[in-house]
Structure formats: structure tokens, C-alpha cells
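Notes to accompany the following structure.
Rule-based calculations on the coordinates, nothing more; no lab input. Source: prediction; values computed, not measured. Cβ placement follows ideal geometry from the backbone for every residue including glycine, while neighbour counts extend to all protein chains displayed.
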Amino acid sequence: MSPRPLPSENAPFEPALALARAGQLAESIEAIGAVLAGRTGAGPPRGAAALALAEVGRLAEAAGTLETAARALEEAVLLAPGYADLHHQRACLLITQQQRPAARRSLEEAVRINPRYVAARLELALLDAREGLLTESLTALRALEQERRVEEPRAFQRGLKSLARADWDEAGALLKSALKVSDPVVDRALAEHHALVAQGEHVQALHVLRDAVTAHPGYPDLHYLLGSSELEAGMTDDAIASLTRALELHPDFHAARIQLARALEALGDLAQAGEQVALVLQEDPGHPQALELQERWSRRRDPRGRAARQSREAA
């Protein structure tokens with residue numbers, strides 16, 4: 001991973017990043033270059049500049065300006081060639097741009113720098129599968145499974161099955177979820193959604209998630225994010241449909257099942273909601289949100305028992 005600069009090292013680039021956040025992406029890249037050009041021996045380090053450019057790259061990719069994102073990341077890698085996560089970020093963009101040979105070189109460099117970099121190794125395995133090297137891909141994934149504790153083994157197995165039937169999006173989403181690897185597709189959609197919500201553009205924020213789901217229907221996290229947003233907006237039936245799809249893709253997705261229980265509760269269907277919570281507790285008896293819902297519903301069903309318990313406790 002890239003070393004994190006000190007706050008004082010980041011400070012010179014904040015005005016440039018403010019330009020990027022305001023949508024002036026090309027100007028932001030120029031401003032970062034100007035800061036470096038005017039540095040003295042005690043000026044801002046190249047690593048901090050590289051990470052500022054990486055942030056510009058993320059913002060540009062979220063805005064759909066892939067050429068600007070590519071420029072920012074190329075400059076970032078030149079400034080800090082030893083930062084494995086910059087090579088990984090650039091590789092993910094190159095995959096989006098269908099530049100697979102260049103993406104492979106970037107991923108291989110990331111793994112050379114950090115042989116235990118799970119996200120880069122996973123992307124390499126997925127790239128192998130896309131290029132018809134399924135045996136090599138499965139071998140690499142099995143090695144990851146042996147080296148790293150897989151927190152969601154059923155999601156991992158479902159991911160392997162999706163890989164075997166050439167459903168790359170679904171396979172990637174499930175394997176990243178199983179290995180707890182950040183997913184750029186989800187990260188971009190979430191960042192754009194949050195930015196629009198912060199601006200009060202709630203309807204447009206929902207459209208962003210729906211567009212992301214349409215473009216990447218195999219991603220359970222996107223269906224979950226959409227369902228959660230629909231539930232918050234009072235669109236309960238839509239939320240139930242989205243959350244159900246997330247669970248069809250990933251049955252062990254406890255956060256999605258909890259949200260589905262809340263949506264069913266909103267419709268007044270406590271029996272079905274209770275069944276969803278029970279499924280979560282069957283797999284994870286200590287799940288805090290499931291326990292909280294179970295306790296709340298128990299009190300609602302037995303108000304007299306609650307009053308009696310309170311009376312005994314007071315005595």
C-alpha cells in the first residue's frame with residue numbers, strides 16, 4: 001500500500017483538489033503540477049502529489065471522464081512508481097477502457113511490489129478468466145482461498161461458479177465480497193450517490209444507483225445500496241425488489257437481509273420480517289442489528305410482559 005502522507009504534506013494540494021471536487025478536473029491536474037514545479041528542497045513530497053492525482057483520477061472516473069482519469073493516474077504512477085495501490089487503481093481503469101495488456105502489466109507490477117496484495121491478485125485472476133485462461137484463474141483463486149481467511153465461503157463458491165459460466169461481473173462482485181476487497185464499481189457509484197445526496201439531489205442520487213445496477217446487474221452490493229436508498233425514500237415495494245435481488249445473488253448478505261426485514265416491517269408484515277431476522281441469527285447468533293430488531297418486535301408483541309418485567313426490576 002502507499003504510505004500515507006502527513007497532513008502537512010497534503011495541505012499544499014488542497015486547493016487543487018478543491019478544483020477537482022468542483023468539476024474542474026484538468027485544471028486540478030495542472031494545479032498539482034504547478035505546486036510540484038514551484039517546490040523547494042523542503043517542498044511537498046512526490047508521494048503526496050501522486051496521491052492527490054489518484055484522488056483526481058477517482059473523481060474523474062466517477063464523472064465519466066476516463067481520459068482525464070487516465071492522465072491523472074499515469075502522472076501519479078510516474079511520481080510514485082513504488083506505490084502498489086496506484087498501479088492497481090490504474091489497472092482497474094485500464095480494464096474499464098478494455099486495455100487488457102496494459103492492465104495486466106500494471107497488476108503484475110502491483111503484485112511485484114507487494115506479493116500479498118489481495119486486490120491486485122484477484123483482478124489478475126479475473127483478467128485471466130476473461131482472456132480464456134480459466135485453469136490459471138482458478139488456480140490463483142484457490143491459492144488466495146488457502147492463504148487468506150474467506151469470511152463468506154458460500155459467496156466465494158458462488159463466485160467460482162459464476163466464473164465458470166463466464167459471468168465476469170457477478171463473479172468479480174461475489175469474490176470481492178467474499179475476500180472483503182474494495183470494489184471500484186461500487187465505490188464509484190457510492191461516491192457519486194453521496195455527493196448528490198450532500199447537494200440535496202436525492203432523486204438524481206437514486207438514478208445514479210439505478211443506472212449502476214442496470215450497467216452491472218451481477219453486483220449484490222449495488223442492489224443492496226439501491227434497496228437501502230429506496231427504503232429511506234419510502235419506496236418500500238421497490239426496496240423489497242432490490243434487496244431480494246441482492247440476496248438472490250448473495251444469500252449470506254446479512255446487511256441486505258436486515259434491510260429486507262425492515263422493509264417488510266414497514267409494510268406491516270412482521271411474520272416475514274421475523275423470518276428474515278431468524279435466518280441471519282441462524283448463521284450469526286450475535287448479529288447486533290438482528291438482535292435489536294428481534295428484541296424490539298418481542299416487546300411490541302408482549303407489552304404486558306414488558307410492563308411486568310419493568311415492575312419487577314423497579315421493586
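Under 8 Å for C-alpha pairs, at least 6 residues apart: give me the relative contact order for segment 113-174, rounded to a whole percent. It would help to have the intermediate numbers written out before the result.
Numbers: 42 pairs, mean separation 16.7, N = 62.
Over segment 113-174, the number comes to 27 percent.
The length gained on full extension between residue 18 and residue 195, counted as 0.36 nm times the residue separation minus their Cα-Cα distance, comes to 62.3 nm.
Would you please calculate the Kirkwood hydrodynamic radius of segment 73-194 over all C-alpha pairs and express it in Å, rounded to one decimal? About 14.6 Å for segment 73-194.
Compute the long axis of helix 66-79 from its Cα atoms, compare it with the longest principal axis of the Cα atoms of the chain, and write down the angle in degrees, 0 to 90, nearest 10. Long axis of 66-79 versus the principal axis of the chain: about 70 degrees. Seen through its C-alpha gyration tensor, with square-root eigenvalues sorted a ≥ b ≥ c, segment 206-290 comes out oblate because a/c lies at 1.5 or above while a/b is not bigger than b/c. Each of residue 37 and residue 112 was given a label point 7 Å from its Cα along the Cα-to-Cβ line. The distance between the two points is 3.1 nm. Considering every alpha-carbon pair of segment 154-295, the percent of pairs per 10 Å bin, from zero through the bin containing the longest distance, is 13, 39, 35, 13, 0.
Once the Cα atoms are used to define both axes, helix 84-96 deviates from the longest principal axis of the chain by about 80 degrees.
Find how much the distance from residue 237 to residue 154 grows on full extension, using 0.36 nm per residue of separation minus their present alpha carbon separation; answer in nm with one decimal.
Numbers: separation 83, 0.36 × 83 = 29.88 nm, distance 2.78 nm.
Answer, rounded to one decimal: 27.1 nm.
Spin-label model, residue 291 to residue 67: label points 7 Å out along the Cα-to-beta-carbon direction sit 5.6 nm apart.
Report, in degrees rounded to the nearest 10, the 0 to 90 angle that the Cα long axis of helix 270-283 makes with the longest principal axis of the chain. Roughly 60 degrees, rounded to the nearest 10.
Between residue 102 and residue 266, the C-beta separation translates, for a Förster distance of 51 Å, into a calculated FRET efficiency of about 0.60. The candidate values were [x] 1.18; [y] 0.98; [z] 1.03; the one computed from these coordinates for Cα Rg over 2.2 N^0.38 Å carries the label [x].
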